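Could you have a look at this structure, given as structure tokens, before my questions?
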Amino acid sequence: MFSRLRLARFSSVLFCAFMGLSSLGWANEPRIAVSKSPLSLPFFVAKEKNLFAKHKVEPVLIECLGGNRCVKELTEGRVDMATSSELPFMFAVFQGKPISLLTTFNTNKDDMKFVARKTAVNSGTKGLVGKRIGYVEKASSHYYMDLFLLYNGIDPKTTVPVAMGADALPGALKRGEVDAISVWEPWGHVALELGGADVAVIDTPKLYSQTFNLLVRNEYRLAQTRKSIAVLGALDEAIQFIKKNPDEAKRILARDVGVDLDTVKAAWSTYQFELTLQQSLLTTVQGQARWARREGHVGSALAEPEFLNFIDSSLLRKIKPNAVDFVYP
């Protein structure tokens, strides 16, 4: 009996050790939260064309609806990397989260849309005073809403902001639960389809240049440097494929994001896919930090972080040294 008991315990220890090693091996491969957005196209192409495997990395891509949700997955430890615009990154840095921005892989001046019910703006954009505006809190939607209102001479405090998920915004606009929405693609397109003749995009000058970036948990970046560089290498090769094969890339985008090909073609010229780390990124984040403090979105007592300490250019320099145009650490 004693021998059988010892054998059972020994087998249990071996099993646990095996599972631990298996888990450790699996954890070496990055879990990446990827926003279901046209801006994430390099990830869709890298997966479709087996470019990750070519660079000897096998990431688990986890779809999320918006960069803010992807960053939440990252900061709560459920993924190792995430795609996001610079705004959720800014808020995470204010919170002191142990993350780093590795690269920008898309820049776009026309991804954000302000879509309104026509009855709300019959007398012009000033008709938005007192109206309900749907937005995604602490995401690029939030920042763009305030920029749009201020540009049109409207104090954001004179409107009624209604926070919700990006995927809920088009339906809320159609049902009249809000009078306008500030949202990124493809949800702007969805809002126009659902609302039909009752809604329209309010055209404005390009108010800011949005970036889409790859973020990483510092723990993973330091422990798995080679894998992190491999992800960057696969994305760079995917971007070269996009440039050389735009028609096929458009089809992949339409399929993976779930929008029609004509919509993709109409917006194609606004996407600038490139691995970069530019001075303009830092300038934008610093400006957003001032906005966040001024509008009370972060504690007024908090000092502005040194954002350079949360941008790691060392991995991008290894594969594209000329892509870094500022003295990032």
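Over the chain, what relative contact order in percent results from Cα pairs under 8 Å that are six or more residues apart?
Details: 552 pairs, mean separation 80.9, N = 329.
Dividing the mean separation by the residue count of the chain yields 25 percent.
Picking from Y151, C64, Q95, whose Cα lies most toward the positive end of the charge dipole for the stretch 59-191 (charges on Cβ: Lys, Arg +1; Asp, Glu -1)?
Going by the charge dipole, the pick is Y151.
I've got another one for you. Hey, got the dipole for the chain? About the Cα centre, +1 on K and R Cβ, -1 on D and E Cβ, debye to the nearest 20?
In total the dipole reaches around 800 debye.
Would you grab the residues whose amide H sits under 5 Å from the one on I99? Only those 5+ places off in sequence or on another chain, please, with H modelled 1.01 Å from N.
N218
Out of the total accessible area of the chain (probe 1.4 Å, heavy atoms of protein only), what percent is carbon and sulfur?
On the chain, the fraction of accessible area on carbon and sulfur atoms equals 55 percent.
Here is a further query. If I model a spin label at K157 and E304 as a point 7 Å from the Cα along the Cα→Cβ vector, what separation in nanometres do I get?
2.1
Under the rule of at least 5 residues apart or a separate chain, name every residue whose amide H is placed under 5 Å from the amide H of V160.
Placed amide hydrogens put G130, K131, R132, I133 under 5 Å from V160.
Let me ask something else about it. Using θ = phi - 60° and the Karplus curve 6.51 cos²θ - 1.76 cosθ + 1.60, what whole-Hz ³J(HN,Hα) does each residue of the stretch 224-239 get, with Gly and Pro shown as x?
With the stated coefficients, the stretch 224-239 comes to 10, 4, 4, 5, 5, 5, 4, 4, 4, x, 5, 5, 4, 5, 4, 5 Hz.
Quick one: which residues, 5+ away or cross-chain, put their amide H under 5 Å from the amide H of Q272? H built at 1.01 Å from N.
T107
Right, something else. How high is the relative contact order of the stretch 91-214, given as a whole-number percent (alpha carbon pairs under 8 Å, six or more residues apart)?
Working: 210 pairs, mean separation 51.7, N = 124.
So the answer I get is 42 percent.
Would you please name the trypsin sites (Lys or Arg not before Pro) within the stretch 51-90 that are DSSP coil residues with at most 13 other C-beta atoms within 10 Å of their C-beta? Could the numbers behind the result be given before it?
Details: sites: K54, K56, R69, K72, R78; in loops: K56, R78.
Here the trypsin sites (Lys or Arg not before Pro) that fit, given the DSSP loop and packing criteria, are K56, R78.
Separate question: How much accessible area does K250 have with a 1.4 Å probe, in Å² rounded to the nearest 10?
Ignoring ligands and nucleic acids, K250 comes out at about 30 Å².
Give me the percent relative contact order of the stretch 233-329, please, defined on Cα pairs under 8 angstrom at least 6 residues apart.
This gives 26 percent for the stretch 233-329.
With every protein chain left in place, what is the accessible area per residue of the chain in square angstrom, probe 1.4 Å?
45
Size of the dipole of the stretch 252-329 about the Cα centre, Lys and Arg at +1 and Asp and Glu at -1 on the beta carbon, nothing else charged, in debye to 20?
About 140 debye.
In addition: I need the phi-derived Karplus couplings for the stretch 151-156: 6.51 cos²θ - 1.76 cosθ + 1.60, θ = phi - 60°, integer Hz, Gly and Pro marked x.
4, 8, x, 10, 6, x
Next question, about the same structure. For the chain, just run the numbers: alpha carbon Rg, then divide by 2.2 N^0.38 Å, N being how many residues it has.
Ratio of Cα Rg to 2.2 N^0.38 Å: 1.11.
Right, here's the next one. What full-extension length gain, to one decimal in nm, is calculated for E63 and E274 as 0.36 nm per residue of separation minus the Cα-Cα distance? Don't skip to the end; give the middle numbers.
On the way: separation 211, 0.36 × 211 = 75.96 nm, distance 2.16 nm.
Contour length minus the Cα-Cα distance gives 73.8 nm.
Charges at C-beta only: +1 for Lys and Arg, -1 for Asp and Glu. How large is the resulting dipole of the stretch 184-292 about its Cα centre, in Debye rounded to 20?
560
The values are calculated or read from the model by the stated rules, or taken from the named source; none is laboratory data. Bear in mind that the values here come from a model prediction, so they are computed numbers and not experimental data. Virtual Cβ from ideal backbone geometry, glycine too; neighbours counted across all protein chains shown. Please note that ligands, DNA and RNA were not included when accessible areas were found on the heavy atoms of the full protein model with its side chains. Shrake-Rupley method; radii C 1.70, N 1.55, O 1.52, S 1.80 Å.
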